[in-house]
Amino acid sequence: METAAAAAAARWPLESRGRLVHGLALVLLLAAGFPLMSVVAHAWGLDPQQMWSGDSTSFLLLAGFSAWRVGLVTLVGLNVVGKVTPGQLGWTTDDPGPSLGLGALGGFAAVALAVGMAVTLGGADLTAVGNAVFGYSTEQRLMFVMIACDAAFTEESLFRGYLQPAMVKRFGFGGGLLATSAVFSLYHLNFTPQGLVSKLAFGLLFGLLRGRDRPLWVSGLAHAMLWVVVGML
């Protein structure tokens, strides 16, 4: 949670309506990147399957998408407009050992959750899930590492670093956690029952890992591990 000094430095304090409006506006801006990326991919002649192939064209497109997210949303939207620094969002380096350890445990939990939902909600065979997870090419793994760094920094900064403390301040921890996780689910623009439930579950997990004031390294590492291990499962 923000300290009094951090809250004073920010443009909008935790309890303000402006904080929520600004945070939700950044969520919309971040979500707009998904259809924008699809339009660019179509213009480049990429079909949805090629997007995740790991070839040079798809890698370049996703690298540009990640740079747009980090630069426009995190650095400009949060740091410049919102006047909050990475440290105020929760990217602190004090006593990193416990944070990284808990984040690693959270990453294993996220991977287990992803596999479990693929089997229970997606109807996938466990063997097929294993083949998919271990069947990615080296190029695809490198691409997932890039996406993991983007998701861990951009999404955790916005959702768990900026929005969740404001939601918790307004609705209490349980209500704030649920509200932030619901926004996180809707933001992915996958409105199928499976998509909404799975993203809500991940939002709740990452939000619990963040807690009230844990460093963002905890949820960030878990989020990154999920991408690195399971990719587009």
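The values are calculated or read from the model by the stated rules, or taken from the named source; none is laboratory data. Quick caveat, the model's predicted, so the values are computed rather than measured. In this analysis, Cβ positions are derived from the backbone assuming ideal geometry, glycine residues included, and neighbour counts consider all displayed protein chains. Just so you know, the surface numbers come from the protein's heavy atoms only, side chains and all, with ligands and any DNA or RNA stripped out. Shrake-Rupley method; radii C 1.70, N 1.55, O 1.52, S 1.80 Å.
Data table
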| item | result |
| --- | --- |
| Whole-number percent relative contact order across the chain, with pairs defined as alpha carbons under 8 Å at least 6 apart | 32 |
| Ordering of 107-117, 178-188, 33-43 by packing [mean C-beta count within 10 Å, highest first] | 178-188, 107-117, 33-43 |
| By average C-beta atoms within 10 angstrom, highest first, the peptides 128-138, 221-231, 62-72 | 221-231, 62-72, 128-138 |
| Rounded to 10°, Cα long-axis angle of helix 164-187 versus longest principal axis of the chain | 20 |
| Over segment 16-94, relative contact order from alpha-carbon pairs under 8 Å, at least 6 apart, % | 29 |
| Accessible area of the chain divided out per residue, in Å², using a probe of 1.4 angstrom | 46 |
| Segment 89-199, relative contact order [Cα under 8 Å, separation at least 6], % | 21 |
| Whole-percent carbon and sulfur share, accessible surface of the chain, 1.4 Å | 70 |
